[in-house]
């Protein structure tokens with residue numbers, strides 16, 4: 001089995017919202033092919049979706065992912081204003 005197989009499995013598991021299995025599949029793909037950007041992207045998306053999904057559950061804690069994204073957007077707006085003036 002090669003990295004593409006594990007990427008495919010990671011995508012399948014992510015579609016089923018089986019975050020742990022998806023993360024394991026993407027990690028296995030990265031172990032097999034260290035420079036495969038698709039595997040890293042898949043792993044990052046699973047982490048983001050898992051965090052978002054966990055924040056939607058009342059039993060879980062919001063890890064602040066949304067707050068971090070908003071701060072980055074504010075910095076980008078500030079940079080754009082500095083460039084324009």
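Only the coordinates and a few stated rules stand behind these numbers; no lab work does. None of these values were measured; they are calculated from a predicted model. Every residue, glycine among them, receives a Cβ derived from its backbone with ideal geometry; neighbour counts consider all protein chains shown.
Points to keep in mind about this one:
- Neighbour counts of other Cβ atoms within 10 Å put 28, 17, 43 in the fewest-to-most order 17, 28, 43.
- Each of 30, 7 has some number of other Cβ atoms within 10 Å of its Cβ, and from fewest to most they run 30, 7.
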